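*Asks:* So that we are looking at the same thing, I have put the structure below in structure tokens.
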Amino acid sequence: MSNGTFLVRITQIYQYHPDNVQLGAVFVNQNAGAHRIVLLTTQNQLNMKPQVGQQWEILKENNYSVRQQPVRVGGYVEVWRFMQPKLKCVMPDNGIGFVNFLSSEKEFVGIGRVKAQLLWAEFRSDIFTMLECEKDEPYKHDKSISNFQAIKDVLRSDGTVNALYQGIRKYANLKYASQLVEWEVEEPIQRQLFRLSGKDAIGFLKTNPYRLFSLGMRFSKVDEIAQKHFKVEPSDEIRLAAIIEQSLRLWSDKGHTVALWRDIEHTIRTYLNNDKLLIERAKQLTGDIIGFVKHDDKYYASGNYIFEKTIAKRFSKLSKMGSLWRSELEVAFTTSIPEGWKLEEAQARAVRRALVSHIFALTGGAGTGKTTTTKLIVDAYQKLGFSIYPVALSGKAARRLQQSIGINCMTIARLLRQDSIPDNSVLLIDEASMLDAYTMWRLVTLFSDKSRIVLVGDPNQLPPINAGLILHDVIKSGVINHVELDVVKRQGAISSIPAYSNDIRNGNKPSSLTTSDITFHESSDDLLQDAVSVYLKYDRAMIVASTNATVRNANLKLQAEVNPYGRVLDLTNMPITKGNYEFREGDPIVITLTSYKYDVQNGTLGVIKIAEATEEYACVIELEDIGEDGSKRSLKVDWQLFEYIDLAYALTLHKLQGSQAENVIVLLERSLLLDRSWLYTAITRAESKVHIIGKEYDFQYGINKRNALDTRKTALSEMLKNA
């Protein structure tokens, strides 16, 4: 240790997440004996993304502990544990550090320990100055050759020298990184900034410090940096533009993709302290594609504008590529219908229209035969030689779709991990009412414009969590071929759920609140105890509520009643603490993160099978998801993913949408989310029985309340009409 700092070399990256970074390291040039180091920090304490082999200074070393850990061969190693230190990646200043640095960094292709040692022996610390200069600049000890040639004389290869120059550029901004760390600019944002700015990150920001906001940093922090460190005036146009962008992002968080001035004016007034002159100046700004876009009187966050514009362009092109009915289509259609099946007229029309369309939407309420019709469409397309890509947002929905249509299905998250899709393909999206603009944009950019798209869903269900309203807009536009199934077929007289839910969908109170499959319970003063009493009647049930507070309280109460003796997940001395719940073996859980890395979607369900934490993993869960072999898959939950695990005895409806449960218990509460579409979606999640617990007047309130679908503002429908 020197000058109040430790110098360490990174040996392992355990976790790397905004709020959870766990690194392994060893001391550099310090006689520490047998040891290892664990660094627990967050990304905003780092000046770049750590990699194995890099040298880092620990700038704040007062919060650490040292313990002795026995080893199998006898003796012990000292384990140094640093909690929330400030860290800075530094270039090595000695031969050992330089050799370790070059030989372990993947950017320096072709340079191992031997070549790194030769470089240091020849140039010592001059090598850094040489690499910062242009390649053709004369070598200071021999002006007849360039720096490049001097290095090549050691490395013997143009390619290796070029790799050295290219790799060192990654570290060109280290001199700025410390400043950015002081400003609490997190490493992922630093990385994007360095990629955009080249060598002069601070100079790049001087032209517009609000670029940090466009890169993902919180507006309030960027605004503080801009005014404090770059002396941006409150009235500066770049600040006004950033305030409009922030207002549009907040508007987008409510699901909207487009706004009128009056929709965002209140937020803008707040940021501008009701300064009339500044508000009027902001209103005159026209925007640009980087922050926001303004067309006529409509405002768009740039991302949403790009997403919907791209989708509209692709959908419009596909809608104009339809073909006429041909003999081979007739053969594929008729031979796809199993012997003895009788199709409704609308089902037959849907299959025929799907086969002649390059983009098609099939919609209908609960029990109207969407699944049967979807299978016929898939079978016919297969007979015509198309590759089918059936997907759904959740793993459970994908598994249910696979069981229904008889071919392999996958989550959208898994599909998006594929590199390329053949042209002669059909993308079939189930539960398409849940599709937001960003997800649809990802899909249309994955598939070529020679592929076909079939959207299947119920537009009266809850809108997507994120911005956009794809299925609803497709239907509203009138541009895309669409067939709605409106004859209730599923389960016939056996189930009363379809007719009951369709009454609600149409704004009508069912004639009887209790039917053969639906029981309405007028709640007591203890709604949760009523829910527990019903839950305990079943082996498998799911509670649905409209508020996070009710879901949390229900989860705690159900865990205590149903799983009081499950093995507790012990987090002592682990790299994270979990504040929301105490988890136990056997608990149902929900994953609240969409991640292509783990192949999970926000809302993926599972059960904790092994509640035994290690330094790498918190627990093992069995997902209600399809594995490669068609069965449920197990997932080791590392500490990064563990932050996105919650109990799932009870869920909000958005978490359950796209999935179904055998028995559903609906808790009625007067909340902002309770409306007709919420009730309709909650009831249609049940495969067998529904229990509704609440007050009858709240039930009537929900049926009467205008749907969120009717108030969400999106632009795709108009873009399709005008394409």
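The values are calculated or read from the model by the stated rules, or taken from the named source; none is laboratory data. Keep in mind that what you see is a predicted model, and the values were worked out from it rather than measured. Don't worry about glycine lacking a Cβ; one is built from the backbone with ideal geometry, like all the others, and counts go over all protein chains shown. Keep in mind that these areas ignore ligands, DNA and RNA; they rest on the heavy atoms of the full protein, side chains included. Shrake-Rupley method; radii C 1.70, N 1.55, O 1.52, S 1.80 Å.
*Asks:* Can you name the helices (runs of 4 or more DSSP H) wholly within the stretch 342-420 that have at least 2 residues being on the phi < 0 side of the Ramachandran plot and modelled with pLDDT of 95 or more?
*Replies:* In the stretch 342-420, the matching helices (runs of 4 or more DSSP H) lie at 345-356, 370-383.
*Asks:* Would it be correct to say that L455 is touching a helix residue (DSSP H, G or I) at 6+ places or on another chain (Cβ under 8 Å), surrounded by fewer than 21 Cβ atoms within 10 Å (Cβ to Cβ) and not acidic (D, E)?
*Replies:* no
*Asks:* Conditions: (1) farther than 30 Å from Y305 by Cβ; (2) out of contact with any strand residue (DSSP E or B) (no Cβ under 6 Å at 6 or more places or on another chain); (3) surrounded by 23 or more Cβ atoms within 10 Å (Cβ to Cβ). A686 meets all but one. Number of the miss?
*Replies:* Single failed check for A686: (2).
*Asks:* Please count how many residues of the stretch 519-531 are β-branched (V, I, T) and crowded, with 19+ Cβ neighbours inside 10 Å.
*Replies:* Qualifying residue count, the stretch 519-531: 0.
*Asks:* For residues that are of a type in the set (S, T, N, Q) and either touching a helix residue (DSSP H, G or I) at 6+ places or on another chain (Cβ under 7 Å) or touching a residue at least 60 places away in the same chain (Cβ under 8 Å) (or both), tally how many sit in the stretch 244-287.
*Replies:* So the count comes out to 5.
*Asks:* Here is a follow-up. How many residues are more than 24 Å from the chain's Cα centre (by Cα) and surrounded by fewer than 18 Cβ atoms within 10 Å (Cβ to Cβ) if we restrict to the stretch 205-222?
*Replies:* Residues flagged as more than 24 Å from the chain's Cα centre (by Cα) and surrounded by fewer than 18 Cβ atoms within 10 Å (Cβ to Cβ) within the stretch 205-222 amount to 2.
*Asks:* Being open to solvent by less than 30 Å² (accessible area, probe 1.4 Å), in contact with a His (Cβ under 8 Å, 6 or more places away or on another chain), modelled with pLDDT of 75 or more and under 30 Å from M217 (Cβ atoms): is that true of Q43 here?
*Replies:* Considered against the rule, which asks whether it is open to solvent by less than 30 Å² (accessible area, probe 1.4 Å), in contact with a His (Cβ under 8 Å, 6 or more places away or on another chain), modelled with pLDDT of 75 or more and under 30 Å from M217 (Cβ atoms), Q43 comes out as yes.
*Asks:* Tell me, which helices (runs of 4 or more DSSP H) wholly within the stretch 595-687 include 1 or more residues that are in contact with a helix residue (DSSP H, G or I) (Cβ under 9 Å, 6 or more places away or on another chain) and not aromatic (F, W, Y)?
*Replies:* Those helices (runs of 4 or more DSSP H) span 653-656, 676-683.
*Asks:* Could you say whether any residue in the stretch 696-704 is within 21 Å of K396 (Cα to Cα) and not basic (K, R)?
*Replies:* The answer is no, given that none of the residues of the stretch 696-704 is within 21 Å of K396 (Cα to Cα) and not basic (K, R).
*Asks:* A further question on this structure: Is there a residue in the stretch 387-400 that is surrounded by fewer than 18 Cβ atoms within 10 Å (Cβ to Cβ), touching a residue at least 40 places away in the same chain (Cβ under 8 Å) and of a type outside the set (A, V, I, L, M)?
*Replies:* Among the residues of the stretch 387-400, not one is surrounded by fewer than 18 Cβ atoms within 10 Å (Cβ to Cβ), touching a residue at least 40 places away in the same chain (Cβ under 8 Å) and of a type outside the set (A, V, I, L, M), which makes the answer no.
*Asks:* Continuing with the same structure: Which ones in the stretch 16-36 are in a strand (DSSP E or B) and at pLDDT below 80?
*Replies:* Hits for the stretch 16-36 are H17, N20.
*Asks:* Given the residues V181, V114, V161, which is the only one that is at pLDDT below 85 and aliphatic (A, V, I, L, M)?
*Replies:* V181
*Asks:* Which of the residues that make up the stretch 689-708 are in contact (Cβ under 8 Å) with a residue 40 or more places away in the chain and open to solvent by 20 Å² or more (accessible area, probe 1.4 Å)?
*Replies:* The answer is K689, K695, E696, Q700, N704, A708.
*Asks:* Out of the residues in the stretch 411-432 meeting the condition of being among the acidic types (D, E) and closer than 23 Å to L355 by Cβ, tell me which one is surrounded by the fewest Cβ atoms within 10 Å (Cβ to Cβ).
*Replies:* D423
*Asks:* Here's another thing I want to ask about it. Does the stretch 126-134 contain at least one residue that is charged (D, E, K, R), in contact (Cβ under 8 Å) with a residue 40 or more places away in the chain, touching a Gly at 6+ places or on another chain (Cβ under 9 Å) and surrounded by fewer than 19 Cβ atoms within 10 Å (Cβ to Cβ)?
*Replies:* No, the stretch 126-134 has no match at all.
*Asks:* A follow-up question, please. Which is under 30 Å from S533 (Cβ atoms), in contact with a Ser or Thr (Cβ under 6 Å, 6 or more places away or on another chain) and open to solvent by less than 40 Å² (accessible area, probe 1.4 Å), of L651, L647, L674?
*Replies:* Residue meeting the stated conditions: L674.
*Asks:* Assess whether E484 counts as being of a type outside the set (S, T, Y) and at positive phi.
*Replies:* For E484, the condition - of a type outside the set (S, T, Y) and at positive phi - is not met.
*Asks:* Right, next: What pairs can you find where one residue is in the stretch 319-342 and free of Cβ contacts under 8 Å to residues at least 40 places away in the same chain, the other is of a type in the set (A, V, I, L, M, F, W, C) and assigned to a loop (DSSP other than H, G, I, E, B), and their Cβ atoms are less than 7 Å apart, with a gap of 6+ or different chains?
*Replies:* Matching pairs, first to second residue: I337/L343.
*Asks:* Tally up the residues in the stretch 236-261 that are among the hydroxyl-bearing types (S, T, Y) and open to solvent by 10 Å² or more (accessible area, probe 1.4 Å), please.
*Replies:* Result for the stretch 236-261: 1.
*Asks:* Can you tell me how many residues in the stretch 684-721 are under 25 Å from P464 (Cβ atoms) and either modelled with pLDDT under 90 or basic (K, R) (or both)?
*Replies:* So the count comes out to 14.
*Asks:* Do you know which residues across the stretch 223-235 are within 21 Å of I268 (Cα to Cα) and open to solvent by less than 40 Å² (accessible area, probe 1.4 Å)?
*Replies:* Within the stretch 223-235, D223, I225, A226, V232 qualify.
*Asks:* Additional query: Hey, any hits in the stretch 110-121 for a residue that's in contact with a helix residue (DSSP H, G or I) (Cβ under 8 Å, 6 or more places away or on another chain), open to solvent by 40 Å² or more (accessible area, probe 1.4 Å) and of a type in the set (S, T, N, Q)?
*Replies:* Yes: the stretch 110-121 contains one or more residues that are in contact with a helix residue (DSSP H, G or I) (Cβ under 8 Å, 6 or more places away or on another chain), open to solvent by 40 Å² or more (accessible area, probe 1.4 Å) and of a type in the set (S, T, N, Q).
*Asks:* Follow-up. Which residues, taken from the stretch 688-723, are assigned to a loop (DSSP other than H, G, I, E, B) and small (G, A, S)?
*Replies:* Correct list: A715, A723.
*Asks:* Let me ask something else. Identify the residue in the stretch 499-518 that is under 21 Å from A708 (Cβ atoms) and without any contact (Cβ under 8 Å) to a residue 40 or more places away in the chain and, among all such residues, is least open to solvent (accessible area, probe 1.4 Å).
*Replies:* My answer is D503.
*Asks:* Now, a different point. Taking the criterion of being open to solvent by 50 Å² or more (accessible area, probe 1.4 Å) and within 23 Å of the chain's Cα centre (by Cα), would at least one residue in the stretch 477-498 satisfy it?
*Replies:* Checked against the condition, which is being open to solvent by 50 Å² or more (accessible area, probe 1.4 Å) and within 23 Å of the chain's Cα centre (by Cα), the stretch 477-498 yields no hits at all.
*Asks:* If a residue has to be at pLDDT 90 or above and of a type in the set (K, R) to count, how many in the stretch 522-555 make the cut?
*Replies:* Counting residues in the stretch 522-555 that are at pLDDT 90 or above and of a type in the set (K, R) gives 2.
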